[in-house]
Each structure stands twice: as C-alpha cells, then as structure tokens.
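Down below is the structure, laid out as structure tokens.
Readers should treat all values here as calculations from the given coordinates under stated rules, not as data from a laboratory. The model shown is predicted, which means the values in this text are computed figures rather than measured ones. No Cβ is skipped: glycine too gets one built from the backbone with ideal geometry, and neighbour counts run over all protein chains shown.
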Ligand code: AMP
Ligand code: MG
C-alpha cells in the first residue's frame with residue numbers, strides 16, 4: 001500500500017510538536033508507524049549551510065524570494081520520503097511583508113497530502129504558551145493578531161483542499177487536554 005501523507009499545521013506555540021509526539025507514541029504501541037518530518041528543519045539545514053541565518057526563527061524574516069527557494073528545496077527533499085509520513089509545518093508563515101503561504105501550489109504538488117490537520121486553540125492560551133517557552137524566539141504579538149493568523153490559516157487551508165482534494169481536520173489542543181487532542185490526531189492517522 002502506498003504511504004499516507006499527512007501535513008500538520010498550527011500557529012507557532014499552539015503545541016503541534018507535543019500533540020504529534022503523543023499521538024505517535026499511541027500509534028507505535030499499536031504497530032502503526034509514521035515517519036515524523038519537520039519542514040522547517042529541512043529549510044534550516046540549507047539556510048545554515050548557506051550562512052543566511054543562525055537560528056530557525058530568523059528564517060521568516062528573510063527576503064521572500066530566499067524563503068521560497070528554501071521552501072521549494074525542502075518540499076522536493078520531503079517528497080522523496082516513502083511510507084507513512086507526518087509533516088510538521090505551517091499553513092502560513094507570518095513575515096514582515098505579510099502572510100506567506102506555507103503550502104503554495106509548487107509545494108502541494110510535490111507532496112500531495114491526503115490530510116491537512118490544523119491544530120488550534122484559544123488565542124490567549126497561545127499567547128501564554130509563547131511567553132513561557134524559552135527555547136524559541138517566538139513572535140511577540142497580542143491575542144488579536146494571533147486570532148487573525150488562526151483565521152487566515154483556516155481560509156488558506158480551504159484553498160489547499162481545493163487544489164489537492166485532501167481533507168482538512170481541525171484538532172483543538174486546549175490547556176490540560178493533551179490526551180484528547182492527541183487521541184483525535186491518532187484517529188486521523190490510523
Ligand atoms: P517551526 O519549527 O515549525 O516553527 O518552523 C521554523 C521556521 O521554518 C518557520 O518559522 C518558518 O520560517 C519556516 N517554515 C516551516 N515550514 C514552512 C513552510 N511550509 N513554508 C515556509 N516556511 C516554513
Ligand atoms: Mg514545532
């Protein structure tokens with residue numbers, strides 16, 4: 001059977017990585033294997049080698065043309081991975097020049113996802129999570145602009161569904177309810 005391609009998205013700080021790790025742990029115990037891939041890491045590897053950034057959070061401020069080049073490169077590399085893959089990325093990236101589509105046509109046609117998952121939660125929960133995460137240089141923005149970003153991601157996800165025929169699953173990752181969100185994600189991946 002051909003592998004399944006699932007893309008997981010959500011604004012920075014929503015807890016994608018945490019939900020993914022928990023869901024994959026559940027699936028592993030049932031013998032369902034997914035290779036977990038971080039899109040940003042593929043981009044960062046190249047960006048670091050070319051000396052254009054020192055840390056991954058600087059990439060979203062690079063010139064748009066450079067971001068797109070890194071993006072295309074990552075998409076081509078990720079498209080070669082076979083089997084069940086779960087790709088951790090962004091429906092849109094907030095840049096100084098506006099939202100950049102995370103999955104423009106040339107990325108979607110490389111990857112051709114079966115499902116795109118949107119991980120969401122309340123704007124003020126995301127705000128708090130960003131403030132308490134010291135491992136990353138998260139954008140400092142208010143709840144209003146986080147809300148706008150989440151709304152924009154739903155809109156652009158609809159376009160992605162139109163372009164690929166993939167399904168869109170919304171998973172709410174609320175505070176203290178990791179068990180629920182990771183079970184929901186695992187259901188989608190089974
Ligand atoms: P993350 O670790 O998921 O927050 O990703 C780190 C950085 O990688 C993001 O801030 C973006 O600059 C970049 N990135 C990740 N996925 C994409 C994508 N699909 N398109 C463009 N940039 C991306
Ligand atoms: Mg992450």
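What is the fewest-to-most order of 123, 63 by other Cβ atoms lying within 10 Å of their Cβ?
Fewest-to-most ranking of 123, 63: 63, 123.
Expressed as a whole number of Å, what is the distance separating the alpha-carbon centroids of region 1-49 and region 113-190?
Value for the Cα centre distance between the two parts: 13 Å.
Counting other C-beta atoms within 10 Å, which of 171, 188 has the fewest, and how do the rest follow?
With the fewest neighbours first, 171, 188 line up as 188, 171.
Going by C-beta contacts inside 10 Å, put 42, 176, 152 in order with the fewest on the left.
176, 152, 42
At 222 nm, what helix-only mean residue ellipticity would the chain give, in deg cm²/dmol to the nearest 500, using -39500 (n - 2.57) for each DSSP H run of four or more?
-15500 deg cm²/dmol
When 1/r is averaged over all different Cα pairs and the result inverted, which Kirkwood radius in Å belongs to the chain?
After inverting the pairwise mean of 1/r, the radius is 16.9 Å.
Below 8 Å, C-alpha to C-alpha, sequence gap of six or more: please give me the relative contact order for the chain in percent.
Across the chain, relative contact order equals 33 percent.
Could the peptides 4-16, 158-170, 134-146 be put in order, highest first, of the mean number of other beta-carbon atoms found within 10 Å of their residues?
Order by mean packing, descending: 4-16, 158-170, 134-146.
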